[in-house]
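> The structure's right below; bear with me while I get my questions together.
The values are calculated or read from the model by the stated rules, or taken from the named source; none is laboratory data. Note that the structure is a prediction, hence the values are computed from the model and not measured. Methodologically, a virtual Cβ is constructed for each residue, glycine included, from the backbone with ideal geometry; neighbour enumeration extends over all protein chains shown.
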Amino acid sequence: MTRALMSDMTGISRERRCLRGKPLMSAHSSLSRKEMERTASFILVAVCLACAGYCAPLQVEDFDFGPPLGSEGATIEKTGENQFLVTLSHAPEHPGWANHLQFRILRNAKGNPLKMTVRFVGETQYSFVSNFHSWSYDGVNWQPTPFASTKTETDPSTGQKVRTAQLEFSAFEKDTVWFGFQVPMTYEQMVEMVERWKRHPAVTVHEIGRSLEGRKLIRLEIADPDSPYPKERRWVHYFANQHPGEYNSMWRMVGMIEFLLSDEGKDARQRSICHFVLMQSPDGPGHGWHRTNRQGIDMNRSYAVAGAFPEQGHEPYLFQKDLEGIMASSCPVTTVWSMHTWPGAADPTIAVSPADIAALGPPEKCVELLKKFDPDHKLVKPLKIDSRALRWRTRPWTPADSKPDGKSGGTWDGGPRAQFGVTACLCEGGADLLTKEENIASGRVLIQALTQYYEGIKPAAQAAEKTSAETVPRPAGS
Ligand SMILES: [Zn+2]
């Protein structure tokens with residue numbers, strides 16, 4: 001696949017489309033002389049104002065806090081010319097978890113500067129000023145921007161923590177503006193990319209259900225139809241993002257997908273089957289939820305080690321049931337990746353199963369491979385090996401586990417490892433990779449190292465359906 005097409009798939013080089021405006025007056029208009037005079041005087045005033053460089057200041061109505069990139073429950077009030085106070089609301093069922101500051105200016109931004117004071121009262125965890133934010137004129141090309149200042153106080157009358165931040169922009173050059181957490185990805189952009197990837201013959205899109213707000217729950221599968229290796233003998237990797245506010249982990253997966261679909265990724269694509277869930281909580285980006293779904297379930301405290309059951313949460317149940325279906329198929333998953341973000345470069349910790357170590361050698365080989373693809377570790381930190389296996393719960397999980405503090409319940413790395421004994425990777429970090437391109441590049445590093453550590457194809461004994469060794473071609477380079 002050409003570089004231009006791949007770039008187009010991420011929307012980086014997407015051309016802006018112009019809507020053709022309707023004519024102001026049709027030939028059949030029958031305006032009265034008075035109306036025409038009034039129209040002419042309006043135009044005259046508008047031209048004079050434009051000549052004088054005047055632009056109407058921003059109003060409360062120009063801001064939108066709803067989907068596709070919003071902050072549910074946020075309120076805005078005007079405090080001066082182009083100055084506003086925004087009070088953030090919180091995630092469902094979690095009064096102490098602020099929704100991210102995300103908004104769009106729908107009109108009138110051109111020529112106006114902006115000063116915004118942002119406030120959240122009652123924070124208990126997950127500050128809205130953590131990591132970084134980005135802004136954009138088109139929702140596609142983003143620039144990181146810091147808050148001008150932040151402070152935290154305690155309200156003496158209530159004892160509640162009050163966090164305040166100042167956001168400042170000099171005069172905008174265009175009328176529409178987007179603002180969001182990390183490098184934002186909307187649900188709509190995710191669907192658009194999936195539609196483009198779907199054109200590749202190796203891609204199958206599974207819609208496994210709908211979110212509580214009716215958005216598609218999508219798992220993308222990459223399996224090369226022209227591979228010389230039987231599907232049952234290919235390594236199978238499953239990557240999923242749980243927390244809807246951790247956009248950089250989604251861009252990391254975009255990098256993995258693009259590599260696998262590129263000419264360069266052909267060998268990896270033929271020896272493996274890769275599943276990607278870019279958003280387990282697709283309702284999140286539109287509402288600014290950092291960790292939850294509509295029910296307030298912390299999406300990474302939602303795994304039910306004893307087996308999927310409906311009360312574990314709507315989307316977690318559907319995705320775990322789907323994963324259990326893959327595990328029961330003739331192509332069960334070899335590695336499960338739980339994709340997250342925290343400060344720094346991408347930061348993976350892997351717990352390799354004894355079966356994989358027996359087949360591939362020690363996981364230190366994977367550490368070396370990562371170094372090969374990112375020698376300075378600017379994109380991906382040195383791989384950490386968890387020889388004891390990642391944390392998991394041995395008792396059955398209950399819905400109460402993720403409420404109200406969200407501190408317990410099964411995670412999507414330790415959970416599948418405990419349930420199936422497979423290799424699991426918790427990939428954090430990436431929240432200091434400030435651009436879409438860097439996050440995409442970190443994904444390329446990870447998928448290359450992973451698919452080289454998982455060399456060749458599954459040994460016959462490890463494959464679910466044992467295939468006669470004579471009928472299996474020897475993989476290149478193994
Ligand atoms: Zn997370």
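> Give the residues of the range 75-98 that are closer than 16 Å to LEU58 by Cα and not in a strand (DSSP E or B), sorted by residue number.
GLU81, ASN82
> Output the helices (runs of 4 or more DSSP H) that fall wholly within the range 244-316 and possess 1 or more residues being over 20 Å from GLN102 (Cβ atoms), or say none.
By residue number, 247-261, 266-271.
> Ok, one more. Being under 22 Å from LEU220 (Cα atoms), in contact (Cβ under 8 Å) with a residue 24 or more places away in the chain and part of a loop (DSSP other than H, G, I, E, B) narrows it down to one of MET185, MET190, so name that one.
Exactly one of MET185, MET190 is under 22 Å from LEU220 (Cα atoms), in contact (Cβ under 8 Å) with a residue 24 or more places away in the chain and part of a loop (DSSP other than H, G, I, E, B), namely MET185.
> Here's something else I'd like to know. When the range 419-441 is examined, which residues are found to be of a type in the set (Gly, Ala, Ser) and within 16 Å of the ligand (Cβ to nearest atom)? Lay out the reasoning, then the answer.
Let us first name the residues in the range 419-441 that are of a type in the set (Gly, Ala, Ser), namely 421, 424, 429-431, 441.
Once the filter is applied, which keeps residues that are of a type in the set (Gly, Ala, Ser) and within 16 Å of the ligand (Cβ to nearest atom), the range 419-441 yields ALA424, GLY429, GLY430, ALA431.
> Considering only residues that are within 30 Å of GLU153 (Cα to Cα) and within 24 Å of the chain's Cα centre (by Cα), which ones fall in the range 103-118?
Of everything in the range 103-118, those that are within 30 Å of GLU153 (Cα to Cα) and within 24 Å of the chain's Cα centre (by Cα) turn out to be PHE103, ARG104, ILE105, VAL118.
> Follow-up question, since we're still on this one. Let me spell it out: the conditions are (1) away from the ligand (no atom under 16 Å from the Cβ); (2) in contact (Cβ under 8 Å) with a residue 12 or more places away in the chain, and GLY325 meets all of them except one. Which number is the exception?
Looking at each condition in turn, GLY325 falls short on (2).
> Could you grab me the full set of residues in the range 399-430 that are at pLDDT below 85 and charged (D, E, K, R)?
The answer is ASP401, LYS403, ASP405, LYS407.
> Something else: Kindly indicate whether any position in the range 99-114 is of a type in the set (Gly, Ala, Ser), in a strand (DSSP E or B) and not assigned by TED's automatic domain parsing to the domain that holds HIS243.
No, because not a single residue in the range 99-114 is of a type in the set (Gly, Ala, Ser), in a strand (DSSP E or B) and not assigned by TED's automatic domain parsing to the domain that holds HIS243.
> Testing ILE273 on (1) β-branched (Val, Ile, Thr); (2) touching a Cys at 6+ places or on another chain (Cβ under 7 Å); (3) over 26 Å from GLY443 (Cβ atoms), one condition comes back false. Which one is that?
(3)
> Please verify whether the range 338-359 includes one or more residues that are within 20 Å of TYR238 (Cα to Cα), at pLDDT 95 or above, part of a loop (DSSP other than H, G, I, E, B) and assigned by TED's automatic domain parsing to the domain that holds SER211.
Within the range 338-359 (the criterion being within 20 Å of TYR238 (Cα to Cα), at pLDDT 95 or above, part of a loop (DSSP other than H, G, I, E, B) and assigned by TED's automatic domain parsing to the domain that holds SER211), the answer is yes, since at least one residue qualifies.
> So, one more: Looking at PRO332, PRO348, PRO343, PRO316, can you tell me which residue is within 13 Å of the ligand (Cβ to nearest atom) and not hydrophobic (A, V, I, L, M, F, W, C)?
None of the others qualify; the one that does is PRO343.
> Now for a separate question. When PRO230 is evaluated against the numbered criteria (1) away from the ligand (no atom under 16 Å from the Cβ); (2) out of contact with any strand residue (DSSP E or B) (no Cβ under 6 Å at 6 or more places or on another chain); (3) within 26 Å of PRO184 (Cα to Cα), which criterion, by number, is the only one it fails?
(3)
Listed here are the residues, each with its yes/no results for (1) touching a helix residue (DSSP H, G or I) at 6+ places or on another chain (Cβ under 6 Å); (2) away from the ligand (no atom under 16 Å from the Cβ).
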residue: GLY214; (1), (2): no, yes
residue: TYR238; (1), (2): no, yes
residue: PRO244; (1), (2): yes, no
residue: MET250; (1), (2): no, no
residue: LEU261; (1), (2): no, yes
residue: PHE276; (1), (2): yes, yes
residue: GLY286; (1), (2): no, yes
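> Could I ask something else about it? Quick one: would you say THR204 is among the β-branched types (Val, Ile, Thr) and within 16 Å of the ligand (Cβ to nearest atom)?
It is false that THR204 is among the β-branched types (Val, Ile, Thr) and within 16 Å of the ligand (Cβ to nearest atom).
> From (1) touching a residue at least 24 places away in the same chain (Cβ under 8 Å); (2) among the hydrophobic types (A, V, I, L, M, F, W, C); (3) more than 16 Å from the ligand (Cβ to nearest atom), pick out the condition that doesn't hold for ILE297.
Going through (1) touching a residue at least 24 places away in the same chain (Cβ under 8 Å); (2) among the hydrophobic types (A, V, I, L, M, F, W, C); (3) more than 16 Å from the ligand (Cβ to nearest atom) one by one, ILE297 breaks only (3).
> Now for a separate question. Yes or no: PRO282 in contact with an Asp or Glu (Cβ under 9 Å, 6 or more places away or on another chain), over 29 Å from ILE357 (Cβ atoms) and within 13 Å of the ligand (Cβ to nearest atom)? Before you say what the answer is, go through the steps one by one.
Numbers: in contact with an Asp or Glu (Cβ under 9 Å, 6 or more places away or on another chain): yes; over 29 Å from ILE357 (Cβ atoms): yes; within 13 Å of the ligand (Cβ to nearest atom): no.
When the stated conditions are applied, PRO282 does not pass them.
> Moving on. Can you tell me which residues in the range 140-160 are in contact (Cβ under 8 Å) with a residue 40 or more places away in the chain and surrounded by fewer than 20 Cβ atoms within 10 Å (Cβ to Cβ)?
Result: VAL140, ASN141, PRO144.
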